[in-house]
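Data first, discussion second: the structure below is written as structure tokens.
The values are calculated or read from the model by the stated rules, or taken from the named source; none is laboratory data. Owing to the predicted nature of the structure, the values given are computational and were not obtained by experimental measurement. Here the Cβ positions follow ideal geometry from the backbone for every residue, glycine too, while neighbour counts run over all protein chains shown.
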Amino acid sequence: MAIMDARPGEITIKEPEVQESVIIRFAGDSGDGIQLTGSLFTHDSAALGHDISTLTDFPAEIRAPVGTRAGVSSFQLNFSSGEIHTPGDRLDVLVALNPAALAVNLNDLPPGGIIILNEDAFNKTGLKKAKYGASDPRDDGTLAGYQVYPIPITSLTLAAVEPLGLGKKHASRCKNMFTVGLIAWIYDRPIDGLLRQVDMLFDKKKRRTTTPEKYEIFTEANRLALRAGYNYADTIEMFISKCRVGKANLPAGTYRRVTGNEATALGFLAASTISGLELLYASYPITPASEILHELSKFRHLGVRTVQAEDEIAAVGMAIGAAYGGKLGLTGTSGPGVALKSEAIGLAVMAELPLVIVNVQRGGPSTGLPTKTEQADLLQAMYGRNGECPVVVIAPQSPADCFGMALEAYRLAIKYMTPVFLLSDGYIANGSEPWRIPDNSELPDISVSFPDDPEEFQPYARNPDTLARPWAIPGTPGLEHCIGGIEKEDIAGKVSYDSANHERMIHLRDEKIQKIANDVPNIELFGPKSGDLLVLGWGGTYGAIRHAVQNAQKHGLSVASAHIRYLNPLPTNLGDILRDFKQVLMPELNSGQLRMLIRAEYLVDAVGLEKISGQPLQTNEVENRIYKMLGFSPAGKPEPTITANNLTSIQEA
Amino acid sequence: MPEQKYSRKDFASDREVRWCPGCGDYAILTQVQKVMPQICDELQLAREKITFVSGIGCSSRFPYYMNTYGFHTIHGRAPAIATGLQVSRPDLQIWVVTGDGDGLSIGTNHLVHCLRRNVDLKILLFNNRIYGLTKGQYSPTSRQGKRTKSSPMGTIEQPINPISVAVASEATFVARTVATDTAHLQEVLLRAAHHRGTAFVEIMQNCNVFNDGAFDSFSTRAVRADRSLYIRHGQPMIFGKNNDRALRMPSGNPEIVDLAKFPKNKLRPYDETSERSSTANVLAHLNEDQFPVPLGVLRCIKKPTYSELLDDQIQTAEKRRGKKDFMTHVHSGEIWTIDG
Ligand SMILES: Cc1ncc(C[n+]2csc(CCOP(=O)(O)OP(=O)(O)O)c2C)c(N)n1
Ligand code: SF4
Ligand SMILES: [Mg+2]
């Protein structure tokens, strides 16, 4: 039997063992405070100097039936003393607060992994709701080969907070803090940092309520639960030994933890500061882009104007209005919203206004999988408009990278007077990692000039270097003119139905975008400059590809990776890079959209690795494909290290 | 009176006006160009602060003919684009020009929300009860039974009434006028220009090519006095060539009374500032064939505008949290330092 009982006395306590990295997933019902738990523990990890990467997963329904598989929410954290790029494929530890959480997540835990169960939830109803039927996974062999720690988390939490006299409902809500305490003990952490965070969390709530006393009690209850979890682990000696993860060797600097959506919002805020132009963000709520609206709405004190528009068309319209007025016009949404914005984006192309559109991609088509990730809107961004309608398309590759790419979006939009698509995705939007706060000197230059000389003013006269037209804004004396969606006469900007002019304007608008290739950084290669295989990706698959290629390189394989952050136009050195590899593999979370573009542009026979399950790309998926393509058998390659192997199993003992 | 800084020709662009000869849009353009110098004068506005934003339709070509800033956008979305412009540039005076199809079919949503937000915009809806630019299909304001290219047997749809839509959307300024009554049109335009918040003006405009004579039954010079009802704040709703009839609404039911029989002093003066919109609503719904058609400012109430409220929040937030810059902001809160 896999389940172990605590048998104090039989075990000798050892010094904490050192591990390079640990991947924990907290899972429970969406009402269990899982996201908060994960977030708290993550921040603590970051503050302790680990490199971190996180992944969240939540149900599409807000109130999915309690205890069911559909209602499971999870938060995964990879914390490490080495450099990491992904939240990790395979778990070391799974915390399951109910049977459904176990059922949904067990597949991601390799044999030998640790399972911490809330035993109280494994009753008849709990098992039934999780569709376990009559058989209990704890003793039907389901958990054979795992290290299972069943702990009555609910009852222990209730007992711990009993002195406060909270009702059962409120008291049992603290069980997530109990698990935080428990995990803190295993990974040999002091709990003061965590306790401080609990205080901070409730301080915020206290300030916003008329009944601060209530939150006083909640703070205390959560503190008690956290301590109880820690002390429980300490006393019961169920976890035979602690382990410790060292500090990561991150570059010196001041850091904060950011999700992709937070970093995106911060990037736009920075763009506003640097350019000296106020930001107007207009958006219609949609998963997984709403957090950008929530974040930017907090920045009123920094002069940010946010409008929750009546629909996505209005939102893009408002952003275009702001851009026309000489401010930063910004809109954000997910795929279905982009579909609605298409016509207006065409207007911004025609009017040549600096508009930024964020698409935090989710599973499609139609409503699709709102809370899952996908990269299937690339061709929509490239071509999803009527007419020849080129725009700049760029994509961040990780949560922290969203900051810099949001800034890039405005640098390019303003310099070239063009709409820019920022293609994020659900995976990086909700994932988090440490972000080193840049110095002022590291931020790009976003200089703005509004023409004010009526002499020789022409609304469609172009800057010879950038081909940008002047950003002539209402309020400027003597520059009164009219722009719009009807084709414009070159230079003069008047309505023109002339066919030769139309053709010239089509080419000019395209040439303007293509020229931007000279103003974006070269693609960097990770690995040899030439060789057998290049793994080429874009967007949120960066971490998995990089990690896989790194592993393959350790086997001496001639493989490199490159990641495209500038999708339209493509960086100028990409063609050369492609030519220097015998094979090209392109993993994407779609049916090969970028691959189609690359094959068309460079006539290379790139091979696809297509995953469209709504789940992020995993390191091992890329790695296996690399080995297959290179005819390499990783036999003899050690199984992925099970980081829990320093915990002596009683079964083995 | 001191001389005005601008004259009418300062507002006429050099572009050739391309509406069909005889189109009601010409009259509107002329009156707008005429009244602009006075508006600039009274509001101390410079011409460069004036911007016309329009959608798509014959009517929406309007900005090209004004020598001001102009943005001819896409079908139905002008109120949204103008909202973004107004919110980021409250220093401008922004006019939206839309049509009955543009504003009440494809763009109804934006119109309604713009009105309820009370964005500081002047919205001119040119209502010709037809789709002009697409050559004559029925519009949402076409009268039931109207035969058009897309309704050869007559439209079976119930028309929508621009005034009742505006009133139902909590518009703070609602007015109606006809393009042919130039004096009244000018008067209403001036009132709209002075209003803070969304000023909604329905301008009945004849499309002589696809819906000729749509408003003749009440707007020609011959019948105007008897068939139109000019609403004026503080005055009873009297009409008729000899001012001999009045509209009253005992318990909300409209009726026409003969002033030879009904004492004038028992008529209630019209109150455009009434918070309750019921009277305006009854007026909007009057059956055009049985009652005179109400024209004038039906509603004008004071409410803070959208950008006033938004800028108030910005100022409050700045006061409460200090006007920080980006760097101070990102260096506060949950941060940590790694030493080199
Ligand atoms: C998205 C879109 N759909 C349809 C059209 C075609 N279209 C142009 S104007 C118009 C109707 C215009 O009617 P109205 O707003 O009443 O303006 P009018 O021409 O009568 O002044 C239509 C359907 C378009 N330009 N764009
Ligand atoms: S079609 Fe009608 S509305 Fe359009 S320009 Fe001609 S007359 Fe005027
Ligand atoms: Mg019309």
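Can you tell me which residue is surrounded by the fewest Cβ atoms within 10 Å (Cβ to Cβ) among those in segment B:39-63 that are under 30 Å from B:Ile130 (Cα atoms), in contact with a Phe, Trp or Tyr (Cβ under 7 Å, 6 or more places away or on another chain) and more than 10 Å from chain A (Cβ to nearest Cβ)?
Ranking the qualifying residues of segment B:39-63, first place goes to B:Cys58.
Would you mind finding the one in B:Ile123, B:Ile203, B:Ile130 that is within 13 Å of ligand 2 (Cβ to nearest atom), within 30 Å of B:Leu310 (Cβ to Cβ) and touching a strand residue (DSSP E or B) at 6+ places or on another chain (Cβ under 6 Å)? Walk me through how you get there before you give the answer.
Numbers: B:Ile123 fails: within 13 Å of ligand 2 (Cβ to nearest atom); B:Ile130 fails: within 30 Å of B:Leu310 (Cβ to Cβ).
Answer to the selection: B:Ile203.
Can you work out which of the residues in segment B:1-32 that are small (Gly, Ala, Ser) and buried (at least 16 other Cβ atoms within 10 Å of the Cβ) is nearest to ligand 1 (Cβ to nearest atom)?
Taking segment B:1-32 as the starting set, the residues that turn out to be small (Gly, Ala, Ser) are B:7, B:12-13, B:22, B:24, B:27.
Checking the rest, the ones that are also buried (at least 16 other Cβ atoms within 10 Å of the Cβ) come to B:12-13, B:24, B:27.
On the way: B:Ala12: 20, B:Ser13: 19, B:Gly24: 10, B:Ala27: 14 Å.
Among them, the one singled out is B:Gly24.
Could you tell me whether A:Gly527 is modelled with pLDDT of 95 or more, on the phi > 0 side of the Ramachandran plot and surrounded by fewer than 18 Cβ atoms within 10 Å (Cβ to Cβ)?
So A:Gly527 fails the test.
Check segment B:69-79 and report whether any residue there is part of a helix (DSSP H, G or I), at the interface with chain A (Cβ under 7 Å from one of its Cβ atoms), in contact (Cβ under 8 Å) with a residue 12 or more places away in the chain and more than 11 Å from ligand 1 (Cβ to nearest atom). Let's see the steps before the verdict.
Let us first name the residues in segment B:69-79 that are part of a helix (DSSP H, G or I), namely B:78-79.
Restricting the remaining residues to those that are at the interface with chain A (Cβ under 7 Å from one of its Cβ atoms) gives none.
No, segment B:69-79 has no match at all.
Counting only residues that are part of a loop (DSSP other than H, G, I, E, B) and either within 25 Å of B:Thr198 (Cβ to Cβ) or within 12 Å of ligand 2 (Cβ to nearest atom) (or both), which one in segment B:143-163 is farthest from the other protein chains (Cβ to nearest Cβ)? Working first, answer last.
As a first pass, look at segment B:143-163 and keep what is part of a loop (DSSP other than H, G, I, E, B): B:143-147, B:149-150, B:152-161.
Keeping just the survivors that are either within 25 Å of B:Thr198 (Cβ to Cβ) or within 12 Å of ligand 2 (Cβ to nearest atom) (or both) gives B:159-161.
On the way: B:Pro159: 23, B:Ile160: 18, B:Asn161: 21 Å.
Looking at residues that are part of a loop (DSSP other than H, G, I, E, B) and either within 25 Å of B:Thr198 (Cβ to Cβ) or within 12 Å of ligand 2 (Cβ to nearest atom) (or both), I get B:Pro159.
Any idea how many residues of segment B:206-226 are buried (at least 20 other Cβ atoms within 10 Å of the Cβ) and within 15 Å of ligand 2 (Cβ to nearest atom)?
Count: 6.
Residues that are of a type outside the set (A, V, I, L, M): find the strands (runs of 3 or more DSSP E) completely inside segment A:73-180 holding 1 or more of those.
Numbers: elements: A:93-96, A:114-118, A:147-151.
Qualifying strands (runs of 3 or more DSSP E): A:114-118, A:147-151.
Would you please name the residue that is nearest to A:Ile513 (Cα to Cα), looking only at residues in segment A:542-585 that are in contact (Cβ under 8 Å) with a residue 60 or more places away in the chain and in a strand (DSSP E or B)?
Of everything passing the filter in segment A:542-585, A:Asn568 is nearest to A:Ile513 (Cα to Cα).
For the list (1) more than 7 Å from chain A (Cβ to nearest Cβ); (2) surrounded by 13 or more Cβ atoms within 10 Å (Cβ to Cβ), I need the number of the one condition that B:Lys323 fails.
(1)
Given the structure, is B:Val330 among the β-branched types (Val, Ile, Thr) and within 14 Å of another protein chain (Cβ to nearest Cβ)?
So B:Val330 fits the description; yes.
Within 14 Å of chain A (Cβ to nearest Cβ) and farther than 30 Å from B:Leu92 by Cα: is that true of B:Asp339 in this structure?
Values: within 14 Å of chain A (Cβ to nearest Cβ): yes; farther than 30 Å from B:Leu92 by Cα: yes.
Spelling it out, B:Asp339 is indeed within 14 Å of chain A (Cβ to nearest Cβ) and farther than 30 Å from B:Leu92 by Cα.
Of B:Arg147, B:Arg117, B:Arg196, B:Arg129, which residue is at pLDDT 95 or above, surrounded by 22 or more Cβ atoms within 10 Å (Cβ to Cβ) and away from ligand 1 (no atom under 16 Å from the Cβ)?
Selected residue: B:Arg117, the only one of B:Arg147, B:Arg117, B:Arg196, B:Arg129 that is at pLDDT 95 or above, surrounded by 22 or more Cβ atoms within 10 Å (Cβ to Cβ) and away from ligand 1 (no atom under 16 Å from the Cβ).
Hey, B:Tyr230 hits all of (1) away from ligand 1 (no atom under 16 Å from the Cβ); (2) out of contact with any Phe, Trp or Tyr (no Cβ under 8 Å at 6 or more places or on another chain); (3) aromatic (Phe, Trp, Tyr) but one; which does it fall short on?
So the condition that B:Tyr230 fails would be (2).
Report every pair of residues separated by at least 6 positions or lying on different chains whose Cβ atoms are under 6 Å apart, first residue within segment B:26-45 and outside any helix (DSSP H, G or I), second of a type outside the set (D, E, K, R).
Partner pairs satisfying both residue conditions: B:Leu45/B:Gln93.
This table checks each residue for (1) within 16 Å of ligand 2 (Cβ to nearest atom); (2) modelled with pLDDT under 95; (3) within 18 Å of A:Lys488 (Cα to Cα).
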residue: B:Met36; (1), (2), (3): no, no, no
residue: B:Leu43; (1), (2), (3): no, no, no
residue: B:Arg47; (1), (2), (3): no, no, no
residue: B:Phe62; (1), (2), (3): yes, no, yes
residue: B:Asn67; (1), (2), (3): no, no, yes
residue: B:Gly70; (1), (2), (3): no, no, yes
residue: B:Thr73; (1), (2), (3): no, no, yes
residue: B:Ala78; (1), (2), (3): no, no, no
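Filter segment A:41-69 for residues that are of a type in the set (Phe, Trp, Tyr) and either buried (at least 22 other Cβ atoms within 10 Å of the Cβ) or within 14 Å of chain B (Cβ to nearest Cβ) (or both) and give the result. Can you show your working first?
Residues of segment A:41-69 that are of a type in the set (Phe, Trp, Tyr), as a first pass: A:41, A:58.
A:Phe41 - this is the single residue of segment A:41-69 that is of a type in the set (Phe, Trp, Tyr) and either buried (at least 22 other Cβ atoms within 10 Å of the Cβ) or within 14 Å of chain B (Cβ to nearest Cβ) (or both).
Give segment A:305-326 a look and list any residue that's over 22 Å from B:Gly55 (Cβ atoms) and at the interface with chain B (Cβ under 7 Å from one of its Cβ atoms), or say none.
Once the filter is applied, which keeps residues that are over 22 Å from B:Gly55 (Cβ atoms) and at the interface with chain B (Cβ under 7 Å from one of its Cβ atoms), segment A:305-326 yields only A:Arg305.
Here is a list of conditions, (1) away from chain B (no Cβ under 14 Å); (2) in contact with a Phe, Trp or Tyr (Cβ under 9 Å, 6 or more places away or on another chain); (3) modelled with pLDDT under 95, and A:Leu302 meets all of them except one; can you say which number that is?
Answer for A:Leu302: the failing condition is (1).
Please enumerate the residues belonging to segment A:376-395 that are crowded, with 23+ Cβ neighbours inside 10 Å and farther than 29 Å from A:Phe450 by Cα.
A:Asp377, A:Leu378, listed by residue number.
Which of (1) farther than 30 Å from A:Thr418 by Cβ; (2) part of a helix (DSSP H, G or I); (3) touching a Pro at 6+ places or on another chain (Cβ under 9 Å) is the odd one out, the single condition A:Val535 does not satisfy?
(2)
Restricting attention to segment B:228-248, report how many residues are surrounded by 13 or more Cβ atoms within 10 Å (Cβ to Cβ), in contact with a helix residue (DSSP H, G or I) (Cβ under 6 Å, 6 or more places away or on another chain) and assigned to a loop (DSSP other than H, G, I, E, B).
Total satisfying the criteria: 1.
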